[in-house]
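Worksheet: one structure, shown below.
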Amino acid sequence: MNRKILIVDDNPENLYYLESLFKGHGFGVIVTANGREALDRARSDPPDAVVSDILMPVMDGYSLCWEWRGDERLKAIPFIFYTATYTEPKDEELALSLGADRFVLKPQEPDVLMGILEEVWRSPRPAVRRTAGDAEFFRRHGEVLSKKLEKKVGDLEARTRDLQVVEESFRLAFENMNEIIFVIGRDLKFIDISPSIERVLGYERREFIGHNIAEMRRFLAPESLPLVLKNTRRILEGERFTASYGFVAKDGTARCGEVSSSPLLRDGQIVGLISIARDITERTQAEERLRQSEARYRELYDFLPLPVYEMDLEGRVVSGNQALYRTFGGAEKILANGYAYQDAIVSKSHDRAEHNLQDLLKGERIEETEHLFRRLDGSTFPGIAVTGVVEKDGRPVGFRGAIVDITERRQAEEKLRQTLESLHRAVVATVRVMAAAVEVRDPYTSGHQLRVAHLAASIALEMGLDRERIEGIRMAGSIHDIGKLSVPAEILSKPTALTEIEYSLIKEHSRKGYEILKDVPSPWPLAEIVHQHHERLDGSGYPRGLKGDDILLEARIIGVADTVEAMASHRPYRPGLGIEAALKEIEGRQGGVYDPRVVGACLDLFRVKGYAIPDDPPVLLSQL
């Protein structure tokens with residue numbers, strides 16, 4: 001049979017703890033709240049041990065122990081004091097003198113307390129040391145309890161003062177809070193309402209207390225009254241929740257309130273409800289402004305003609321405007337199928353797109369990127385993507401960007417390219433016609449201009465000039481002698497040495513060439529190049545005696561090429577002198593007459609790279 005333990009304590013928490021502990025170890029438990037109850041229960045059903053507190057109503061622990069040890073049926077049962085109430089050495093001394101087996105202070109670990117109990121059961125009962133008789137016990141008992149009660153009364157007074165402070169704090173808070181607290185009974189009448197009703201809505205408390213909520217039509221917005229009555233009934237049935245209602249202030253202004261309500265219980269029964277109402281007018285207005293702003297933003301967002309997209313950090317499209325859905329083939333398919341950037345562009349652009357997204361996450365700035373985009377139906381179009389990072393609380397959460405369809409631009413560029421190519425061919429043909437016109441007048445120098453053009457362009461290429469500038473040099477070289485159209489044919493083809501007057505006429509061809517070309521539209525300074533191709537660094541050239549950097553680089557290049565080709569070729573008045581003689585000529589006079597950089601490039605062409613002037617030079621620059 002299991003042992004039974006009698007617990008004596010007026011503190012419900014202590015009773016619960018000890019009851020749970022002893023039952024958990026398999027003991028039977030008798031629970032009592034004072035010494036008188038404990039004696040009555042023990043005399044009718046003796047326990048195997050008693051665990052008792054000291055200060056209790058009706059009968060304290062010391063008195064219980066005195067009575068216990070004087071009862072023939074109970075005095076052999078172990079008695080343990082378990083207390084924490086104002087203990088001092090005299091407490092334990094009195095307890096043991098009454099015949100208590102142990103005086104244990106709270107709290108104790110469960111194992112320790114159970115060990116004490118087992119030890120008591122194994123030990124013989126202590127003798128009761130009542131040396132002074134009953135009068136002495138009651139005197140000492142009264143002194144101990146008196147001191148304990150003084151301390152307890154002092155603590156109660158302190159707690160009372162604290163409670164008064166707390167009560168005052170709550171009263172001040174109740175009267176000055178911005179929220180409105182109100183209590184409604186089951187009859188739907190206001191029992192109380194906080195003074196804040198006057199500050200918040202302008203009403204006085206007396207306008208509510210004792211009145212049924214259904215009578216407060218001027219207090220509630222018309223559309224909110226049925227909802228308030230419905231929700232009030234639900235709360236009185238045991239529900240609790242928060243709802244928003246429209247209110248009307250005393251000055252007639254509309255307000256919005258959020259009301260949190262709970263049932264009010266008494267003895268387990270619902271006797272009404274208690275609510276806290278907060279004025280959320282400003283918040284509601286801000287939310288409405290935000291909603292309208294978001295609606296306007298969405299309208300603008302969808303109005304944009306450019307496809308705009310938002311992606312998560314994995315590159316999946318999570319949102320887009322109408323232009324995006326129209327461009328790629330439908331919102332449902334894009335948003336429902338985890339549509340990602342890899343689906344929107346052709347595979348050759350995947351690596352570049354992924355690299356761009358990673359750079360953006362690192363905080364780097366990327367330029368707009370061109371891709372070939374692919375629609376859901378498989379068709380493609382060229383476009384430019386401009387993407388940025390979307391952040392929340394300082395952390396990246398995705399990407400946002402736009403796509404510019406450049407199909408029309410590419411078509412226009414291709415049309416322009418074809419037009420420019422056509423114009424270029426026309427210019428080339430015109431130049432060839434002009435060059436041919438010069439050759440008709442001077443058949444003995446046929447092909448000279450085109451060979452000079454080829455050599456000059458090759459020198460410019462060797463010097464590292466850009467392709468556009470080289471093309472201008474080639475074009476100018478092809479017509480550098482166009483001014484000879486103004487020179488009599490008999491002078492151009494004279495097989496003997498020219499007179500001084502004839503040579504003067506020949507020297508005028510640079511100026512005449514400038515006059516012919518100066519009004520011809522061109523992306524290159526053709527007229528000025530032709531004008532300067534006989535100028536020399538030291539000022540010994542003609543027609544203006546220009547020096548150094550006053551001479552265009554293009555003219556300096558053509559001047560060297562013209563000299564080399566002329567010396568190497570046959571002329572009516574002398575046989576060709578050969579390439580080596582021509583190279584020695586420019587090599588010996590570089591720095592004075594000829595530009596050293598141009599001469600160096602020309603010498604490298606012939607002596608290092610084995611260049612030879614072609615008899616029939618190609619027309620296109622790409623054939624150099």
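Nothing in this text is a laboratory measurement; each read-out follows from the coordinates by a stated rule. These figures come from a predicted structure and were not determined experimentally. Virtual Cβ from ideal backbone geometry, glycine too; neighbours counted across all protein chains shown.
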For LYS494, the aspartates and glutamates lying under 14 Å Cα to Cα, once residues fewer than eight places off in the same chain are dropped, come out as ASP442, GLU502
Working only with C-alpha atoms, what are the Rg and Dmax values of region 177-285, expressed in angstrom?
13.1, 43
Just to confirm the filter: which GluC sites (Glu not before Pro) across region 49-128 are DSSP coil and have at most 10 other Cβ within 10 angstrom of their Cβ?
GLU72
Roughly what would the spin-label model give for ASN11 and GLU391, points 7 Å off Cα along C-beta, in nm?
5.6 nm
The aspartates and glutamates whose Cα lies under 17 Å from the Cα of LYS189, excluding any fewer than 8 residues away in the same chain, are GLU204, GLU207, GLU215, GLU237
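Treating the beta-carbon of each Lys and Arg as +1 and of each Asp and Glu as -1, no other charges, what is the dipole magnitude of region 177-285 about its Cα centre, to the nearest 20 debye? Intermediate results must be reported in sequence, preceding the final value.
Working: 16 positive and 15 negative charges, 31 e Å.
Roughly 140 debye, rounded to the nearest 20.
If Lys and Arg each add +1 and Asp and Glu each add -1, what is the summed charge of the other residues whose beta carbon sits under 10 Å from the beta carbon of ARG205?
Local net charge: -3.
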Rounded to 0.05, the calculated FRET efficiency for the beta carbons of THR496 and ASP550 at R₀ = 35 Å is 0.50
Calculate the spin-label point distance for LYS250 paired with ALA612, positioning each point 7 Å from the Cα along the beta-carbon direction, and give it in nanometres.
11.5 nm
Among LYS484/LYS507; LYS547/LYS609; LYS348/LYS415; LYS4/LYS75, which pairs are too far apart, with a Cα-Cα distance over 20 Å?
LYS547/LYS609; LYS348/LYS415
Charge context of MET56, other residues only, Cβ under 11 angstrom, K/R +1, D/E -1
-4
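So which GluC sites (Glu not before Pro) in region 198-286 end up in coil per DSSP with only 16 or fewer other C-beta atoms within 10 Å? Could the numbers behind the result be given before it?
Working: sites: GLU198, GLU204, GLU207, GLU215, GLU223, GLU237, GLU239, GLU258, GLU282; in loops: GLU204, GLU223, GLU237, GLU239.
Passing both the DSSP loop test and the Cβ count: GLU204, GLU223, GLU237, GLU239.
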Magnitude of the Cβ-charge dipole (Lys and Arg +1, Asp and Glu -1) of region 304-405 about the Cα centre, nearest 20 debye, reported as 160 debye
Given a Förster distance of 51 angstrom, what is the FRET efficiency for ALA84 paired with LEU265, based on the Cβ-Cβ distance and rounded to 0.05?
0.95
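How about region 373-406: which trypsin sites (Lys or Arg not before Pro) there are in a DSSP loop, with at most 15 other Cβ atoms within 10 Å of their Cβ? Show your work: numbers first, answer last.
Working: sites: ARG374, ARG375, LYS392, ARG400; in loops: ARG375.
Here the sparse-neighbourhood loop sites are ARG375.
Of the listed peptides 597-606, 555-564, 102-111, what is their order by residue-averaged count of other C-beta atoms within 10 Å, with the highest listed first?
Output ranking for 597-606, 555-564, 102-111: 555-564, 597-606, 102-111.
Could you sort the peptides 496-508, 32-44 by per-residue average Cβ neighbour count (10 Å cutoff), highest mean leading?
Working: 496-508: 12.2, 32-44: 18.2.
Going from most to least packed, we get 32-44, 496-508.
Determine the sum of side-chain charges near GLU462: Lys and Arg each +1, Asp and Glu each -1, restricted to other residues whose C-beta is under 9 angstrom from that of GLU462.
Details: positive: LYS609; negative: ASP604.
Surrounding charge for GLU462 is 0.
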So which aspartates and glutamates can LYS584 reach, going by Cα to Cα under 14 Å and dropping same-chain residues fewer than 8 places off?
GLU565, ASP604
